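Here's the structure we're looking at; comments come further down.
The values are calculated or read from the model by the stated rules, or taken from the named source; none is laboratory data. None of the values given here were measured: they were computed from a predicted structure. Note that each Cβ is placed from the backbone with ideal geometry, even for glycine, and that neighbours are counted across all protein chains shown.
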Amino acid sequence: MYPVLGKTHFDWEFNTEYIFRFWTVMDANPWIPFLACGIYVVAIFWGQHYMQDKPSWGWRKTLAAWSFFLSVFSTFGFFRTAPQVIHNLYYYGLRDNVCESPYSLLGSGAVANWGFVFLLSKFAELFDTFFIVIHKKPLIFLHWYHHITVLYCCWHTWVNETPTGLIFCAVNFGVHAIMYFYYFLMAMRIKPKVCDV
């Protein structure tokens, strides 16, 4: 529909064959996110207990690399999904964007691929907490509650083909692009001048 945008895509972004294979696995195995989050919670409390009488690990550069990777990944995801969201909001009514099948709103091409990769990224983002634990920083309830509920929400949205999932995906990509870049700067001890205001 927008040839200029199509020229910026990689070939793998249009290969949707694996999406439908994984979708059937996900639909048949709803225990996967519960297992992942169960392991996550046990690892958090075990890790905090383990680190209690040990010195903080100096993994600042690894944290910076992780944050930079997630920022770049989220930026790509935002620029892949946001144009479709803008198109849908412009050409379809509110009812269509909230109630219609997501396949009629985004199809099964590159945007669908990025929606699926977005879901998988919620598993990877659980590792954010690892850096908090090994650096012995305060781990607030909201942090791990957010990671667990967003993973469940994204899984539920994908399996049940929730139409508003694409909007959430684009917004989350956009927020994470900025947020993880900020974390990268903080890990590198580079304080942006806007923080002085």
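Observations, loosely collected:
- Being surrounded by 15 or more Cβ atoms within 10 Å (Cβ to Cβ) and aliphatic (A, V, I, L, M) is a property that does not hold for LEU94.
- The helices (runs of 4 or more DSSP H) located wholly in region 16-120 that include 1 or more residues which are in contact with a Cys (Cβ under 7 Å, 6 or more places away or on another chain) and closer than 27 Å to PHE184 by Cβ occupy 60-91.
- Which numbered condition LEU70 misses (of (1) at pLDDT 95 or above; (2) of a type in the set (A, V, I, L, M); (3) surrounded by fewer than 18 Cβ atoms within 10 Å (Cβ to Cβ)): (3)
- Residue in region 126-147 that is among the polar types (S, T, N, Q), at pLDDT 90 or above and either surrounded by 13 or more Cβ atoms within 10 Å (Cβ to Cβ) or more than 16 Å from the chain's Cα centre (by Cα) (or both) present: yes
- Filter result (crowded, with 17+ Cβ neighbours inside 10 Å and not aromatic (Phe, Trp, Tyr)) within region 58-67: LEU63, ALA64, SER67
- Condition met for LEU151 (within 25 Å of PHE45 (Cα to Cα) and surrounded by fewer than 19 Cβ atoms within 10 Å (Cβ to Cβ)): no
- Apart from one condition, LEU166 fits all of (1) in a helix (DSSP H, G or I); (2) touching a residue at least 60 places away in the same chain (Cβ under 8 Å); (3) over 19 Å from ASP27 (Cα atoms); (4) in contact with a helix residue (DSSP H, G or I) (Cβ under 6 Å, 6 or more places away or on another chain); the exception is (3).
- Filter result (under 19 Å from VAL41 (Cβ atoms) and among the small types (Gly, Ala, Ser)) within region 87-134: ALA124
- Residue count, region 100-154 (criterion: in contact with a Phe, Trp or Tyr (Cβ under 6 Å, 6 or more places away or on another chain) and of a type in the set (A, V, I, L, M)): 4
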